[in-house]
Amino acid sequence: MRDNEHRVHEASDAPKPSGFAAVGVFLFFGATVASLAAITLLWRGTYLDPIWSLNPTAYRQLAPLGRDVGVPFLLLGLALAAAGIGWFRRRLWGWRLTVAIIAIQIVGDVMNCIRGDWLHGGIGVVIAGALLLFLLRPTIKNAFA
């Protein structure tokens, strides 16, 4: 067995750290939400449109942009789904992609603070920052091959 195959086997056999499954579920939930947003922005008038009643402010801001923002949401959904697959398969690339996505989220939240949206931006920085700290714990990173 090659050394790389041995490491993959060891990572998948090791017990999952506390909170491991929650992060994977979070990634797939995010993929679903981003994909739903993309579908409703790219193809208006579907039976999915009423989902925006959960966040009408976001719809008012995003709807005029339509395709210009729908495609990035679709790409985000794909990235989150890929991260979730890599996460549950305990692939190092899955961990790296997850860390990158959360780090980008923190940058966006900081930008919200700079624009004056202290409440949403500040809450986002705290939550995403705590998640990033969790992801960077050695016990989490060591769970990946």
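The values are calculated or read from the model by the stated rules, or taken from the named source; none is laboratory data. This one's a predicted model, so the numbers in the text were calculated from it and none came from an experiment. Note that we place each Cβ from the backbone using ideal geometry, even for glycine, and neighbour counts take in every protein chain shown.
Scanning the range 46-68 turns up no residue that is surrounded by 13 or more Cβ atoms within 10 Å (Cβ to Cβ), touching a residue at least 24 places away in the same chain (Cβ under 8 Å), part of a helix (DSSP H, G or I) and among the aromatic types (Phe, Trp, Tyr). Looking only at residues in the range 5-45 that are of a type in the set (S, T, N, Q) and either modelled with pLDDT of 85 or more or in contact with a Cys (Cβ under 6 Å, 6 or more places away or on another chain) (or both), the one that is surrounded by the most Cβ atoms within 10 Å (Cβ to Cβ) is THR40. Note on the range 117-144: residues that are within 20 Å of ALA58 (Cα to Cα), more than 14 Å from the chain's Cα centre (by Cα) and in a helix (DSSP H, G or I) amount to 7. Scanning the range 45-75 for residues that are within 17 Å of ALA31 (Cβ to Cβ) and of a type in the set (Phe, Trp, Tyr) gives a single hit, PHE73.
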